[in-house]
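Asks: Structure provided below as structure tokens; questions to follow.
No value in this document is a laboratory result; all are computed from the given coordinates. The structure presented is a predicted model; accordingly, all values stated were derived computationally and were not measured. Cβ placement follows ideal geometry from the backbone for every residue including glycine, while neighbour counts extend to all protein chains displayed.
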Amino acid sequence: MTVETYVAEFLDGPLEGEFSQRALIDGEPEERVSVIAAVDGLESIFWYGEVGRRESAGQWRVQYRFDPAASDPVEADDDDLNL
């Protein structure tokens, strides 16, 4: 069995600038994705929505923007604000 994948690019939010390989669902990239990531040692769920896609070298590349209203809050430490 072959698992078809696509490349997800995160344009902003906590995962800004990161890329990941994700499995196609019914042959298509997901319109919304959730990602679990640790921020300051706490696991948080971040939601991203698709804003664009293109095919390159036979593989989908999909761009996602952060959805802060649907995501867990990210709070900065006071120490981070004084940098």
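Asks: How large is the helix-only mean residue ellipticity at 222 nm for the chain, computed as the sum of -39500 (n - 2.57) over DSSP H runs with n ≥ 4, divided by its residue count, in deg cm²/dmol to the nearest 500?
Replies: My calculation for the chain gives -500 deg cm²/dmol from helical runs alone.
Asks: All other residues with a Cβ under 9 Å from the Cβ of ARG32 taken together, and with Lys, Arg as +1 and Asp, Glu as -1, what is their net charge?
Replies: Values: positive: none; negative: GLU30, GLU31, GLU50, ASP67.
After counting each charged neighbour, the total is -4.
Asks: Among DSSP bridges having both ends in the chain, what percentage is antiparallel? Round to the nearest 5. Walk me through the intermediate numbers first.
Replies: Values: 22 of 26 bridges.
Percent antiparallel among DSSP bridges in the chain is about 85.
Asks: Can you tell me the Rg and the Dmax, both Å, for the Cα atoms in the chain?
Replies: 14.7, 52
Asks: I've got another one for you. HN-Hα J couplings of the range 15-20 from phi, Karplus 6.51/-1.76/1.60, θ = phi - 60°, integer Hz, Gly and Pro as x?
Replies: 9, 3, x, 8, 10, 8
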